[in-house]
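Report on one structure; see the data block that follows.
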Amino acid sequence: MKAASPLRNKKRQRTYLELVSTALQLFREQGYEQTTVEQIAETADYSASTFFRYFGSKEDVAFYGIQSLFHEFGEDIMSLPEGTSPWSHISQNMVKACQKLSALTEQLGHNQIELWIKEPTLDRRFRGLSSEWETQIAKAYALHTNTSPETNLTANLISKAVIAAAHTGFQLHIATGEELSIIVADSLKLLEIGFGKEGPL
């Protein structure tokens, strides 16, 4: 199969970004539930059929980029560099993921995070995704400590703590405008102190 040309790939990426940016603007102006796919497509100067070639639903637009970002996070935490503790490795990668999320938000010109938290429909999906990431963190921690994620208390506590730190960061980022990754990094440092002088394994 012939690979797509760089020009074609660039055009596809531009279409993705235009549809997402337009959708986020409409969600902010008139509400998520009140915005239709047809409105998004028309405002972005595309047809509805073009929209559906890129996205399955308007909900997918709201979460543009997040799946691939956290898929990358999941892969990164499964490989532990020599001399690094599982806790440090997972924490550092969560901060890195938040930095990438902030960069994506800046590229789109709209804050997706605020939408996920404030819109009930999107909040449900966001919490579902968070549960998946929590499971991935527990699996990674258990792998690096040669235990089972189903029976390792520390793995389960740490996975919940890391996701709680991220959620706290999201909420404070929306409330204060402070850089997301800094809030999450500070939250994780406080958690590390809470685990005791030795920190988590």
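When Tyr46 is tested against (1) closer than 23 Å to Pro120 by Cα; (2) modelled with pLDDT of 95 or more; (3) assigned to a loop (DSSP other than H, G, I, E, B), only condition (1) is not met.
Residues that are of a type in the set (A, V, I, L, M) and in a helix (DSSP H, G or I) were ranked within region 53-89; the one that is surrounded by the fewest Cβ atoms within 10 Å (Cβ to Cβ) is Leu69.
Restricting to region 29-52, name every residue that is exposed (fewer than 15 other Cβ atoms within 10 Å of the Cβ) and either small (Gly, Ala, Ser) or in contact with a Cys (Cβ under 7 Å, 6 or more places away or on another chain) (or both). Hits for region 29-52 are Gly31, Ser47, Ala48, Ser49.
The values are calculated or read from the model by the stated rules, or taken from the named source; none is laboratory data. This one's a predicted model, so the numbers in the text were calculated from it and none came from an experiment. Reconstructed Cβ throughout: ideal geometry from the backbone, glycine too, with neighbour counts over all protein chains shown.
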